[in-house]
1. So which trypsin sites (Lys or Arg not before Pro) in region A:3-87 are both in a DSSP loop and have at most 13 other Cβ atoms within 10 Å of their Cβ?
2. For B:GLU189, what charge total do you get from the other residues with a beta carbon under 9 Å from its beta carbon, if Lys and Arg give +1 and Asp and Glu give -1?
3. Short version: ³J(HN,Hα) in whole Hz for each residue of region B:173-187, in order, from phi by Karplus 6.51 cos²θ - 1.76 cosθ + 1.60 (θ = phi - 60°), x for Gly and Pro, what are they?
4. Express in nm, to one decimal, how much length is gained between B:LEU160 and B:VAL138 on full extension, taking 0.36 nm for each residue of separation and deducting their alpha carbon distance.
5. What does the charge count around B:ILE267 come to, taking other residues whose C-beta lies under 14 Å from its C-beta (Lys +1, Arg +1, Asp -1, Glu -1)?
Amino acid sequence: MTEPPDHVLIERAQNGDADAMAGLYRRHVAAITRYISYRISEQTVIEDLTAEVFLRMVEGLPGYRITGAPFEAWLYRIAAARVATYYRKRDRYVEEALSERIESRFTLPEADIVQAEEHDELRAALRQLSDEQQTILILRFVERKSHEDVAQLLDKSHRAVATAQHRALKRLARLLGTTKTSRHYIRGKKS
Amino acid sequence: MVDDFLQDDGFRDGNIRDNGDCWDDGQALARQLDRAVPPASGPTGDSPPPDAGDGDSLVAVACRVARGPHPALTEVALDRIEDQLRSRYAALYARSGAHSGADAGANPGPRAPVGRRWGRSRWQVIGHRLRHVAAVLVVLLLFSGSLSVVSAHSLPGDDLYPVKTIIEELQLILVSSDREPGLRVRLAERRLDEFEQLIRERETVRPDVLMEASAQLNRALTLLAAGHGNRTELDPRIANTSYRQATLIQYAASLAPPEIYDNLILIADWNNLLIGRVLGEGTLDYHGSVVSSVHRISLSSPRGETLPPISTPTSTPEPDATPDEQSRIPALVLCVAAG
């Protein structure tokens, strides 16, 4: 049996169907969790922010208007705002958060520690990009959306998304020190 | 190298523009990336992590992003969040007075009737919208009220003058037939005030303002002839206004350029007809002297002649004027004729 599309669940949720609301949550929670986890490393914070995003969804559903735009675009916007708010508040508690993270690493196997550090490095580099650039990279390479889907989710032109993606990858390559080889994309030859 | 590539194409940090080259690069890179990290057709995030591709640094970075953390919340965490959501949802739904309740999570219950959203009845929705409409109307009324106050002091040619005339038109639409002649006389008096103010403050002669005053007086006389309004009250005011117009024409003629002078002569003729009409049709009996005096004034005023300052008539009878007060009108007319 095929799952009802988002707009059907939204209408049902707006009319008092709690299961429809829960269906929306279950459908999108994994993607939103991944999105947050690419920008925040603490597991407890990821869970808290994921919950916050969907609480905002519940509170905003009565006023949500079905316009044809993807429902998840709204959720990503909420998630981006929650992450930004988190970082604004967290700046005051950086030392505390860092010490908690280091302490939690002692319990991990060595391989996991290496991977966790790589992820931290990636998150730190991603954080140097703009919110929009981060979102584009996550949607395209983590969520594996097509460029067209990313453009639709961000309400941008395909051209703008392709350009922003290009810039974001170049900056990220520099930040991560991954600058071994490069193609000359205009002329189709390697430099 | 990426740095070389950036340098060759003029792409430097903070100096990248959305130009054609960048677009071409973006497109070409997108094709490369589609091969290295293809968009998933099914559920996202579960595709196998890509390799570093063909060694291109940007593709390698994209692959590294794709291989990043893919944490999933535990079932316990997911259930915990869902419980929170259902609880919040039920609270919101209950607050809005709808069916359902705290156990909405377990059993959502029957759906709200058609026409309801979050338990609000159709009448509640309509009432809610009416409140918005009322708020908008109040704002509009306040705005239009303040606009009318401000525009009341505007003069012909001012930005707000059209607002003033629109408000007057609305008053004419709303007023009863019996009160309309009085309102039109008042508007004619207002036009003369404006005409005089334009001359005194801006040294501008606007015959069209006098034309408008004459049109209002003419329309007032027509309504009076049709039996509307109080003839005894308005005839003296109309005669007095016409007299004042004749005085203003005389003064303006001394200042106006030739093309305007001719217009003033025409308005003076029309004004004479109005005076003749009010005396012929109405209750006043000074026909001959008024017409001849005003006619003589308008046609004999030499351009450039220095005339005495205008004395605004103060004898305009009030609505409750007595016959004694009305008798001052011929005296004023004769005074002009003597001048």
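1. Filter output for region A:3-87: A:ARG65.
2. Its environment carries a net charge of +4.
3. After applying 6.51 cos²θ - 1.76 cosθ + 1.60, I find 5, 7, 6, 6, 4, 5, 9, 5, x, x, 5, 5, 5, 5, 5 Hz.
4. 5.8 nm
5. Surrounding charge for B:ILE267 is -2.
Values quoted throughout were computed directly from the atomic coordinates according to the rules given, and no laboratory measurement underlies them. Quick caveat, the model's predicted, so the values are computed rather than measured. Cβ sites come from the backbone with ideal geometry, for glycine too, and all protein chains shown count toward neighbours.
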